[in-house]
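Student: Take a look at the following structure, please.
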Amino acid sequence: MVAQRVRTRFAPSPTGYLHVGGLRTALYNYLFAKKMDGDFIIRIEDTDQSRKVEDAQKNLIKTLEWAGIVADESPEHGGDYGPYVQSERLDIYDKYCRQLLNDQHAYYCFATHEELEENRQLQIKQGLQPKYNRKWLPEEMGGTMPAGIIKQKLDKGLPYVIRMKVPDYVSVWFEDIVRGPVEFDSATIDDQVLMKSDGFPTYHFASVIDDHFMEFTHIIRGEEWLSSMPKHLLLYEFFGWEPPKVAHLPLLLNPDRSKLSKRQGDVAVEDYIRKGYSADAIVNFVAMLGWNEGEGSEQEVYSMEQLIQKFSLERVGKAGAVFNIEKLNWLEKQYIKNRPAEKLVAIIKPILKAELEQKKSLMPLEIITSDAYLEKVIELMRERVGFEHEFVTFSSYFYFEPETWDEEAIKKRWSVETNNLLKGFAVLLDSLDDFSAENIEILLKEFVAPKGLKAAALIHPLRIVASGVSFGPSLYHLLEVLGKETVLRRIQVGIEKINYVD
Ligand code: GLU
């Protein structure tokens with residue numbers, strides 16, 4: 001037998017942003033498909049038209065592509081199994097729903113919302129699990145509703161839904177790749193609505209029909225869908241179709257082990273992008289939410305290629321996965337530390353250019369926007385930034401004059417003497433031909449020693465006038481990168497503008 005080509009899918013509803021849980025589902029589907037040399041497909045599940053959000057589909061696909069998850073078939077890129085949007089497949093659902101009606105696996109239900117709600121409340125009061133009471137199950141299907149009344153209602157054109165008839169006294173069993181064997185008793189399964197009164201299918205019906213006709217081999221999705229499995233499997237059985245293999249991914253949890261929620265942090269991937277997290281770090285982080293390579297592996301940083309190579313559904317855990325933002329921040333730093341300078345230059349240049357359109361720099365633009373200059377900034381700041389954009393935002397003194405100077409530090413250690421030291425040292429700096437870190441260091445030491453001062457007495461004020469803040473990279477290297485002209489100007493401005501109490 002020729003092995004079937006693996007096909008997996010991510011099937012989001014276009015109701016807004018991409019949730020981090022959605023990204024994980026998409027990623028695992030992608031990794032598994034690619035590992036197996038198969039195809040990854042995006043299908044849009046828009047059967048709930050009231051929840052549809054304009055542009056959500058485009059944004060979902062764009063965000064996935066940002067993360068490096070590019071579908072082989074999708075609404076945007078097409079494919080042989082389309083349409084890939086459920087609202088464009090209504091005739092297919094209609095056809096197969098008719099088949100279920102004919103085969104007596106489904107029936108019309110005219111119950112009103114009020115009636116259903118009343119029934120629900122009653123069952124809750126009786127301590128029962130709420131379930132449809134089968135009032136509209138036809139006599140010939142074992143119910144009590146005469147065919148004549150159903151026909152009357154249909155002839156009048158009254159609104160109805162179509163429900164599946166869950167067989168009595170059966171148990172539905174399946175093997176979940178992550179969870180192992182799972183079993184449900186049919187007594188706990190509701191007569192699920194398949195077609196709504198607006199003519200749209202429900203999620204359950206549409207996804208089974210599509211999963212079959214789009215020939216998916218594996219369904220990988222969040223644990224919240226596990227309880228839907230028996231309904232889906234019964235539908236496969238009604239049609240005589242072979243169900244795909246399934247894997248339900250563990251829940252994502254807040255650090256306090258409650259279900260991951262907006263209240264305890266961002267859940268939209270777009271929020272993380274806005275904050276400046278890189279695709280590599282996010283993908284790496286999300287991959288580890290429920291999967292690990294196994295004992296003996298200390299590796300924590302994985303590229304997409306490595307993930308594809310090493311991923312397996314067998315190594316996805318059952319236990320909830322804690323969303324630990326510190327881990328993400330740590331990963332982000334690892335990527336910044338190890339990313340080649342020229343790649344970082346390409347990332348930060350547009351950010352700097354946008355900043356330069358808003359703010360004037362007194363430094364020569366052709367220098368501060370050059371690759372060579374930016375590479376020097378990167379080498380000095382790599383270990384100090386948490387995000388790529390911080391090579392500009394957190395390091396603005398490499399491009400812009402300080403407008404404020406650390407007040408606390410000034411209060412503590414600024415005096416007339418400080419200004420005099422700076423003035424004296426500026427004269428010496430001016431005389432340096434080779435404005436290198438090494439030369440500046442030698443000069444500074446030679447300058448303070450005869451005065452009986454420690455180097456720190458000049459290092460701190462120099463750092464403050466040069467950068468405005470009292471922390472940062474090696475001062476000598478900072479001054480070298482800024483260049484003589486900028487350093488002398490900033491010393492001058494600092495002396496004039498820094499307010500201190502002597
Ligand atoms: N549309 C469902 C969702 O929004 C898809 C569930 C599934 O993968 O079957 O998550």
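Student: So for the pair Lys153, Glu438, with labels modelled 7 Å out along Cα→Cβ, what separation do we get in nm?
Tutor: 9.1 nm
Student: With no solvent and one equal point scatterer placed on each C-alpha of the chain, evaluate the Debye formula and give log10 I(q)/I(0) for q = 0.09 Å⁻¹, two decimals.
Tutor: For the requested q values the scattering log ratios are -0.77.
Student: If you don't mind, there's one more thing I want to ask. Can you give the local net charge around Ser171? Use residues other than it whose beta-carbon is closer than 12 angstrom to its beta-carbon, Lys and Arg +1, Asp and Glu -1.
Tutor: Charge balance near Ser171 sits at -3.
Student: Let me check against my output: what whole-number percent is the relative contact order of segment 435-496, with C-alpha pairs under 8 Å and at least 6 apart?
Tutor: It comes to 40 percent, rounded to a whole number.
Student: Also: Provide the percentage of antiparallel DSSP beta bridges, counting only those with both residues in segment 97-189; round to the nearest 5.
Tutor: Of those bridges, close to 90 percent are antiparallel.
Student: Now for a different question. Order of 366-373, 479-486 by packing, highest average Cβ count within 10 Å first?
Tutor: 479-486, 366-373
Student: Also, quick follow-up: What number comes out for the charge environment of Ile410, summing +1 per Lys or Arg and -1 per Asp or Glu over other residues with Cβ under 13 Å away?
Tutor: Residues near Ile410 contribute +1 overall.
Student: With a Förster radius of 22 Å, plug the Cβ-Cβ distance of Leu488 and Leu356 into 1/(1 + (r/R0)^6) and report the FRET value to the nearest 0.05.
Tutor: 0.45
Student: Moving to a separate point now. State the antiparallel share, in %, of DSSP beta bridges confined to the chain, rounding to the nearest 5.
Tutor: Beta bridges within the chain, antiparallel portion: roughly 55 percent.
Student: In addition: By average Cβ neighbour count within 10 Å, what is the ranking of 280-292, 64-76 from highest down?
Tutor: 280-292, 64-76
Student: Could you let me know the centre-to-centre spacing of segment 426-486 and segment 134-210, using Cα atoms, in angstrom?
Tutor: Using only Cα atoms to place each centre, the spacing works out to 79 Å.
Student: Please work out the Cα center distance from segment 265-333 to segment 245-259, rounded to the nearest Å.
Tutor: Centre-to-centre distance over Cα atoms comes out at 14 Å.
Student: For Asp39, which sequence-distant residues (separation of 5 or more, or a different chain) have an amide H within less than 5 Å of its own amide H, given hydrogens modelled in the peptide plane?
Tutor: Hits under the 5 Å cutoff: Val6, Arg7, Thr8.
Student: Just add up the charged neighbours of Phe435: K/R +1, D/E -1, any other residue whose Cβ is under 15 Å from the Cβ of Phe435.
Tutor: So the surrounding residues net to -3.
Student: Could you work out the helix-only [θ] at 222 nm for the chain, with each DSSP H run of four or more residues adding -39,500 (n - 2.57) and the total divided by the number of residues, to the nearest 500 deg cm²/dmol?
Tutor: -13500 deg cm²/dmol
Student: Filter Lys360/Lys445; Lys333/Lys412; Lys62/Lys349; Lys95/Lys153 down to the pairs with a C-alpha to C-alpha distance above 29 Å, please.
Tutor: In this structure, Lys360/Lys445; Lys333/Lys412 exceed 29 Å between Cα atoms.
Computed from the coordinates by the stated procedures, all read-outs in this text should not be read as laboratory data. Computed from a prediction, not measured in an experiment: that's the story for all the values here. Because the Cβ atoms are built from the backbone with ideal geometry, glycine has one as well, and the counts that use them run over all protein chains shown.
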